[in-house]
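The values are calculated or read from the model by the stated rules, or taken from the named source; none is laboratory data. Predicted model only: the values in this text are computed from it and were never measured. In this analysis, Cβ positions are derived from the backbone assuming ideal geometry, glycine residues included, and neighbour counts consider all displayed protein chains.
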Amino acid sequence: MILKTVGLSKDFGSLRAVNDVSLEIKEGTIRAVIGPNGAGKTTLFDLITNRTHPTSGKVYFQGKDITYLPPYKIVKLGIGKCFQISKLFPELTVFENIQIACISRARKVFNMYSPGNNAMRDEVLQIINSIGLTVLTDASAGYLSYGDQRRLEIGITLALQPTLLLLDEPTAGVSRAEGYEVMKLIKKLASERALTIVFIEHDMDIVFNYAEEITVMHQGTTIATGAPEAIKSNKQVQSCYLGETVC
Ligand SMILES: Nc1ncnc2c1ncn2[C@@H]1O[C@H](COP(=O)(O)OP(=O)(O)OP(=O)(O)O)[C@@H](O)[C@H]1O
Ligand SMILES: [Mg+2]
């Protein structure tokens, strides 16, 4: 297992946002985490990356206990994340956005004001090519379509050379057609770079088209994990989530 959580819980005051979640993610697979608003999906990602400290439980990455590691060390070990909130620099170009991420990973000294700075150019261009933004290399990030901004965010995360990618609603805020394109890209990158993917998603068509395994959360608890067909026919999932009725 590339990622394992054991009895992970998080309380916010009297609210138990994540309740005793034990997950096992196999290397090289694509896992969706689904569940209604407030189910605890984002908090689960925050616990895995230690942006939020767990109330109890453990997180293991490649067999190593990472529960109390500082987030930057977790990134360095190979967990990349794209969160719901964009981290692009809108006034900088596609090239510069990726370049900054590459440089920060490599911890190179970077002088933003030196003319025609070509630091790590080959790697930057290679990432831009792999996310399909070559024709927009010199465009300002803020002028990209939402779908292309999503691609760029994924590129920034790739610059950190992850082996596991956590994506929080990668298709949120884009049209359905663009959403499918973003997912196609993620699938392509996963196979090219041997990545493991865990993504949070509300669009069930996308989930059932792209996930190899699905975990369903409801009120902080994982109520089911399995292959798409098994999840579709799971009665508890149908009543708690897919049917949108109250449990
Ligand atoms: N920092 C916080 N302080 C207090 N409560 C929080 C905090 N973060 C999340 N919560 C609460 O924890 C619960 C789970 O929230 P979370 O954001 O993980 O849900 P989610 O499944 O990602 O929902 P969505 O689909 O809307 O993104 C919610 O009731 C939320 O209000
Ligand atoms: Mg969320």
Practice task
Give me a count of the residues in segment 98-136 that are polar (S, T, N, Q) and either over 18 Å from LEU189 (Cβ atoms) or at pLDDT below 95 (or both).
Solution key: 6
Completion exercise
Within segment 21-39, the residues that are buried (at least 16 other Cβ atoms within 10 Å of the Cβ) and within 16 Å of ligand 1 (Cβ to nearest atom) are VAL21, LEU23, ARG31, ALA32, VAL33, ILE34, GLY35, PRO36, ALA39
Practice task
For segment 206-225, state whether one or more residues are within 15 Å of the chain's Cα centre (by Cα), surrounded by fewer than 18 Cβ atoms within 10 Å (Cβ to Cβ), more than 11 Å from VAL33 (Cα to Cα) and in contact (Cβ under 8 Å) with a residue 60 or more places away in the chain.
Solution key: no
Practice task
Given the conditions (1) within 25 Å of ALA224 (Cα to Cα); (2) in contact (Cβ under 8 Å) with a residue 40 or more places away in the chain, report the number of the one that LEU15 does not fulfil.
Solution key: (2)
Practice task
Determine the pairs where a residue that is under 21 Å from GLY173 (Cβ atoms), located within segment 84-107, has a partner that is within 16 Å of ligand 2 (Cβ to nearest atom) and modelled with pLDDT of 90 or more with Cβ atoms under 6 Å apart, the partner being 6 or more residues away or on another chain.
Solution key: GLN84/ASP168; GLN84/GLU169
